[in-house]
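Visitor: I'd like to ask some things about the structure below.
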Amino acid sequence: MTETQLAQQLGLTRAAVGYHLRLLMDVGLIAVGKVEAEEHGILQKYYTPIAVLLIVDPAHIPSDVQRYFIRMEIEHLRGIFSALQLYHHVSKISSTTLEELAVAMLKQLKIVGQKHMNDMALEDAELLKVKIYTEALASLTKQKEWRSLFQG
């Protein structure tokens with residue numbers, strides 16, 4: 001994605017996105033994947049991730065960006081409920097509870113991701129994502145607070 005595309009999707013200014021893109025490039029998490037000239041000769045840089053997997057710590061997400069990660073996780077959870085044929089549960093869950101569940105899932109992903117940090121060189125990236133997500137979800141379904149949501 002370009003800086004402009006990222007700014008639009010995140011609801012941030014181009015300046016804020018540009019600042020963070022430079023930070024991410026400085027620590028080696030992203031790189032310029034390609035550069036294309038637009039009609040008027042303006043060069044557009046398309047950024048690409050270098051990291052095999054990036055897990056976001058919900059405790060350290062800036063509040064202006066947090067809503068994006070929570071929304072993304074809610075969509076993942078809706079997909080899971082659908083796959084488990086429990087989609088009718090989602091319609092009964094309040095938006096506040098769904099947001100709390102998304103944050104709880106992000107926390108579990110961080111815990112499980114830290115456990116598998118050294119596995120990244122050993123496994124295929126997609127397989128590792130599935131493994132981490134599956135373990136995080138399994139842990140979440142065992143928690144008393146969320147158990148009833150995942151029962152048919």
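Visitor: Rounded to the nearest 0.05, what FRET efficiency do Ala16 and Ala59 give with R0 = 25 Å and r taken as the Cβ-Cβ distance? Could you check?
Guide: 0.75
Visitor: What is the set of long-range amide H partners of Ile30 at a cut-off below 5 Å, with H atoms built 1.01 Å from backbone N?
Guide: Those qualifying (amide H under 5 Å, at least 5 residues apart or on another chain) are Met25, Ile50.
Visitor: Here are some pairs, Lys92/Lys144; Lys110/Lys144; Lys34/Lys131; Lys92/Lys142; Lys92/Lys115; Lys34/Lys115; which of them have Cα atoms lying more than 29 Å apart in this structure?
Guide: Lys34/Lys131; Lys92/Lys115; Lys34/Lys115, as the Cα separations exceed 29 Å there.
Visitor: Between Thr141 and Glu126, what length comes free when the chain is fully extended (0.36 nm per residue of separation minus the Cα-Cα distance, one decimal in nm)?
Guide: Using 0.36 nm per residue and subtracting the Cα-Cα distance, I get 3.2 nm.
Visitor: Output wanted: per-residue J couplings in Hz (rounded whole) for segment 16-23, from phi through Karplus 6.51 cos²θ - 1.76 cosθ + 1.60, θ = phi - 60°, x for Gly and Pro.
Guide: 5, 5, x, 4, 6, 4, 4, 4
Visitor: Oh, and also: To check my understanding: the extent here is largest minus smallest coordinate of the Cα atoms along each principal axis. What are those three numbers for the chain, in Å, largest first?
Guide: Projected onto its principal axes, the Cα set of the chain covers 57, 37, 27 Å.
Visitor: Rounded to the nearest 0.05, what FRET efficiency do Ala51 and Arg71 give with R0 = 22 Å and r taken as the Cβ-Cβ distance? Could you check? The partial results should precede the final answer.
Guide: Values: r = 22 Å, r/R0 = 0.98.
That pair, Ala51 with Arg71, gives E of 0.55.
Rule-based calculations on the coordinates, nothing more; no lab input. In this text, all values refer to a predicted model and were calculated from it rather than measured experimentally. All Cβ positions, even for glycine, are placed from backbone atoms using ideal geometry, and neighbour counts span all protein chains on display.
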